[in-house]
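Notes follow once the structure below has been shown.
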Amino acid sequence: MIAIDLIVSGDQNLYEIISLSLRVSGLSAVLALVIGLPLGALIATSRFYGRSGVIIFFNALLGLPPVVVGLFIYLLLSRNGLLGFADLLYSPSAMVIAQFTLVCPIAVALTIQLLEGLNREYDLFFTSLRLTNGARIKALLIDGRAGLITIMLACMGRALSEVGAIIIVGGNINHLTRMMTTAIALETSRGQLALAMALGIILLVIALIINILSQYLKRHFDKELGYE
């Protein structure tokens, strides 16, 4: 099969696309987690006016259409946009911004869902110990680490699978902004199915690895906590 031959032979164009995809998606996911996990933990453990509205807002962002995000970032980075002076449009940096905008709400919303339940469960215990909010968050993050690992891997998977936003802000330029998902769409439309299939196989393998890693880490942490 030609697609397998491309993978095994180390086709330069194929692995250039894979490398860019992993770098852009990895950076987007890391930035989203660095901001999203602490923000979600703070919202989950705090009580303030409008908290329910904030949670509803982040939950609503889970269904944010990627093409709308792409359009918004495009207008922001275009020559006449607010950040047009930075000249980031049609660059990997623009794709990182677009993916971050899509992935960060996922990190926040899922962290709130995970830690809010744990915080409610341990509330009386934490109160009796007179823990500060920072100490409470630290304890919840440690106890919920298995779920947090799943959130991290879910964010990475979401970033890798993105098409709509990055094709708008990146332009799908060969040797510059061509990612796995955008390359699959382009090569399929051109009838170049071998490269599209090779990239599709790589994406499936990465998705499988992410799921296996998620299950392994979950079982490992469950054993540590005595659930198995």
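Annotations
- Within the stretch 77-90, residues that are farther than 16 Å from Thr101 by Cα and in contact (Cβ under 8 Å) with a residue 60 or more places away in the chain have Cβ atoms under 8 Å from residues that are of a type in the set (A, V, I, L, M) and assigned to a helix (DSSP H, G or I) in these pairs: Tyr90/Val169, counting only partners at least 6 apart in sequence or on another chain.
- Just one of the numbered conditions (1) surrounded by 17 or more Cβ atoms within 10 Å (Cβ to Cβ); (2) basic (Lys, Arg); (3) out of contact with any helix residue (DSSP H, G or I) (no Cβ under 9 Å at 6 or more places or on another chain) is not true of Arg120: (1).
- Test result for Tyr90, assigned to a helix (DSSP H, G or I) and either in contact with a strand residue (DSSP E or B) (Cβ under 9 Å, 6 or more places away or on another chain) or farther than 19 Å from Arg158 by Cβ (or both): no
- Contacts under 6 angstrom Cβ, first residue in the stretch 184-195 being within 16 Å of Ala3 (Cα to Cα), partner at pLDDT below 85, 6 or more apart: Ala194/Ile2; Ala194/Ala3
- Sub-8 Å Cβ pairs linking a first residue in the stretch 120-149 that is free of Cβ contacts under 8 Å to residues at least 40 places away in the same chain to a second residue that is acidic (Asp, Glu) and assigned to a helix (DSSP H, G or I), at least 6 apart or interchain, are Tyr122/Asp143, ordered by first then second residue.
- Search result, residues across the stretch 2-50 that are touching a residue at least 60 places away in the same chain (Cβ under 8 Å), assigned to a loop (DSSP other than H, G, I, E, B) and closer than 20 Å to Met197 by Cβ: Asp11
- Those residues of the stretch 130-165 which are farther than 30 Å from Pro66 by Cα and of a type in the set (A, V, I, L, M, F, W, C), in sequence order: Leu131, Ala135, Ile137, Ala139, Leu140, Ile142
- Condition met for Ser128 (polar (S, T, N, Q), closer than 30 Å to Gly144 by Cα and in a helix (DSSP H, G or I)): yes
- Only one of the numbered conditions (1) in contact with a Lys or Arg (Cβ under 7 Å, 6 or more places away or on another chain); (2) hydroxyl-bearing (Ser, Thr, Tyr); (3) more than 25 Å from Thr150 (Cβ to Cβ) is not met by Tyr49, and that is (1).
- The stretch 74-113, subset aliphatic (A, V, I, L, M) and over 17 Å from the mean Cα position of the chain (by Cα), residue surrounded by the fewest Cβ atoms within 10 Å (Cβ to Cβ): Leu82
- Failed item in (1) under 18 Å from the mean Cα position of the chain (by Cα); (2) over 16 Å from Gly26 (Cα atoms); (3) crowded, with 17+ Cβ neighbours inside 10 Å, with Glu162 passing the rest: (2)
The values are calculated or read from the model by the stated rules, or taken from the named source; none is laboratory data. What you see is a predicted model, and the numbers here were worked out from it, not measured in a lab. Ideal geometry is used to build each Cβ from the backbone, glycine not excepted, and the neighbour counts take in all protein chains shown.
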